[in-house]
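A short write-up of the structure that comes next.
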Amino acid sequence: MDDPRPWLTLARVPGLHAGQLGPVTDPLALTTESPGALASLGFGDAAIAALRRPDLEALARDEAWLAGAGRRLVAWGSTEYPPLLAAIPDAPLVLFLEGDATALSLPQLAIVGSRNPTPLGCDTARQFAEHLARAGLAITSGLALGIDAAAHRGALAAGGHTVAVTGCGLDTVYPREHVSLAQEIAASGALVSEMPTGTPPLRQHFPRRNRLISGLSVGTLVVEAALQSGSLITATLPPSSAGSGA
């Protein structure tokens, strides 16, 4: 990518996703459209302001993060963009990635579940992940405490690929207990987020993360989740439905 700034600008437009493009065939053209043209395409005031008057300091922080080793943007429509995710109605226009971009296009199975599982639940998730990773599937989860972490570690133990989708910018590791785990994942798989740097891990961001976990995966295995949990929402609703909860 020769110039990431137009894509970084799109990443900071509130609520913008591929399904909103309508007749627009070149997303980058949005960054140079007039306010009137953007309004005619259905963009609201906040989105128009973000496109026409981007936060230059925030863009500079994004660019500084991208300068780090193993970091890149994966743009919608590029050959690196995962085809399953591209097929959902609200696919993100930009993915921030640390690690191996090819991991995003591998056949993936999501393993998600409770943040407070039993020891048996953790062991079950780890064993499933290890077995499935040895069979050639990448294991995708959300880097959370409990089942998510067990799934990532199982894939790593098998020498396989694992993808962690986060509910914050990749300049932050959440939870902090998983700094070392995140480093291991980046070394043999990928950390990915649609959220630019500086985005905190707020509760409302996790439904967006969950739809990416679902959209990247051919299926979802749930281990020890409450009936109203985000894990079951991830598994049972269409990928375009964000649901609620983390």
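Of all residues in segment 86-96 being under 14 Å from the mean Cα position of the chain (by Cα) and aliphatic (A, V, I, L, M), which is most open to solvent (accessible area, probe 1.4 Å)? I'd like the intermediate steps shown before the answer.
As a first pass, look at segment 86-96 and keep what is under 14 Å from the mean Cα position of the chain (by Cα): 86, 88, 90-96.
Now restrict to residues that are aliphatic (A, V, I, L, M): 86, 88, 91, 93-95.
Working: Ala86: 45, Ile88: 15, Ala91: 0, Leu93: 6, Val94: 5, Leu95: 2 Å².
By that ranking, first place goes to Ala86.
Looking at Gly36, Gly44, Gly22, Gly99, can you tell me which residue is on the phi > 0 side of the Ramachandran plot and surrounded by fewer than 18 Cβ atoms within 10 Å (Cβ to Cβ)? Working first, answer last.
Details: Gly36 fails: on the phi > 0 side of the Ramachandran plot; Gly44 fails: on the phi > 0 side of the Ramachandran plot; Gly99 fails: surrounded by fewer than 18 Cβ atoms within 10 Å (Cβ to Cβ).
Testing whether each residue is on the phi > 0 side of the Ramachandran plot and surrounded by fewer than 18 Cβ atoms within 10 Å (Cβ to Cβ) leaves just Gly22.
What are the pairs, 6+ residues apart or on separate chains, where a residue within segment 160-182 that is on the phi < 0 side of the Ramachandran plot and open to solvent by less than 50 Å² (accessible area, probe 1.4 Å) has its Cβ under 7 Å from a residue that is at pLDDT below 95 and polar (S, T, N, Q)?
none
So is Ala182 touching a strand residue (DSSP E or B) at 6+ places or on another chain (Cβ under 7 Å), modelled with pLDDT of 95 or more and of a type outside the set (Phe, Trp, Tyr) or not?
Values: touching a strand residue (DSSP E or B) at 6+ places or on another chain (Cβ under 7 Å): yes; modelled with pLDDT of 95 or more: yes; of a type outside the set (Phe, Trp, Tyr): yes.
Considered against the rule, which asks whether it is touching a strand residue (DSSP E or B) at 6+ places or on another chain (Cβ under 7 Å), modelled with pLDDT of 95 or more and of a type outside the set (Phe, Trp, Tyr), Ala182 comes out as yes.
Determine which member of the set Asp55, Asp90 is closer than 15 Å to Gly15 by Cα, in contact (Cβ under 8 Å) with a residue 24 or more places away in the chain and of a type in the set (D, E, K, R).
One residue alone meets the criteria, Asp90.
Somewhere in segment 62-85, is a residue surrounded by 18 or more Cβ atoms within 10 Å (Cβ to Cβ), β-branched (Val, Ile, Thr), closer than 18 Å to Ala190 by Cα and out of contact with any Ser or Thr (no Cβ under 9 Å at 6 or more places or on another chain)?
Within segment 62-85, one or more residues are surrounded by 18 or more Cβ atoms within 10 Å (Cβ to Cβ), β-branched (Val, Ile, Thr), closer than 18 Å to Ala190 by Cα and out of contact with any Ser or Thr (no Cβ under 9 Å at 6 or more places or on another chain).
Is it the case that segment 130-139 has a residue that's open to solvent by less than 10 Å² (accessible area, probe 1.4 Å) and in contact with an Asp or Glu (Cβ under 7 Å, 6 or more places away or on another chain)?
No, there is no match, as no residue in segment 130-139 is open to solvent by less than 10 Å² (accessible area, probe 1.4 Å) and in contact with an Asp or Glu (Cβ under 7 Å, 6 or more places away or on another chain).
Which ones in segment 1-16 are among the hydrophobic types (A, V, I, L, M, F, W, C) and part of a loop (DSSP other than H, G, I, E, B)? Give the derivation first.
Pass one, segment 1-16, residues among the hydrophobic types (A, V, I, L, M, F, W, C): 1, 7-8, 10-11, 13, 16.
Met1, Val13, Leu16, listed by residue number.
Name the single residue, out of those in segment 17-38 being outside any helix (DSSP H, G or I) and among the hydrophobic types (A, V, I, L, M, F, W, C), that is farthest from Gly215 (Cα to Cα).
As a first pass, look at segment 17-38 and keep what is outside any helix (DSSP H, G or I): 17, 21-26, 33-34.
This time we only want the ones that are among the hydrophobic types (A, V, I, L, M, F, W, C), so: 21, 24.
Numbers: Leu21: 19, Val24: 23 Å.
Per the criteria, the residue is Val24.
Out of curiosity, is Gly159 assigned to a loop (DSSP other than H, G, I, E, B), touching a Pro at 6+ places or on another chain (Cβ under 7 Å) and not basic (Lys, Arg)? Give the derivation first.
On the way: assigned to a loop (DSSP other than H, G, I, E, B): yes; touching a Pro at 6+ places or on another chain (Cβ under 7 Å): no; not basic (Lys, Arg): yes.
Considered against the rule, which asks whether it is assigned to a loop (DSSP other than H, G, I, E, B), touching a Pro at 6+ places or on another chain (Cβ under 7 Å) and not basic (Lys, Arg), Gly159 comes out as no.
Can you tell me how many residues in segment 106-129 are over 20 Å from Leu216 (Cβ atoms), open to solvent by 40 Å² or more (accessible area, probe 1.4 Å) and not β-branched (Val, Ile, Thr)?
Pass one, segment 106-129, residues over 20 Å from Leu216 (Cβ atoms): 114-124, 126-127.
Of the ones still in play, those that are also open to solvent by 40 Å² or more (accessible area, probe 1.4 Å) are 115-116, 118-120, 122-124, 126-127.
If we keep only those that are not β-branched (Val, Ile, Thr) too, we end up with 115-116, 119-120, 122-123, 126-127.
So the count comes out to 8.
May I ask you to say which residue of Gly159, Gly154, Gly142 is over 13 Å from Gly189 (Cβ atoms) and not β-branched (Val, Ile, Thr)?
Working: Gly159 fails: over 13 Å from Gly189 (Cβ atoms); Gly154 fails: over 13 Å from Gly189 (Cβ atoms).
When all the criteria are applied, what remains is Gly142.
The values are calculated or read from the model by the stated rules, or taken from the named source; none is laboratory data. Note that the coordinates shown come from a computational prediction; the quantities given were computed from them, not determined experimentally. FYI the Cβ positions are ideal-geometry reconstructions off the backbone, even for glycines, and counts take in every protein chain you see. When the accessible area is computed, the model is the full protein with side chains, heavy atoms only, and any ligands, DNA or RNA have been set aside. Shrake-Rupley method; radii C 1.70, N 1.55, O 1.52, S 1.80 Å.
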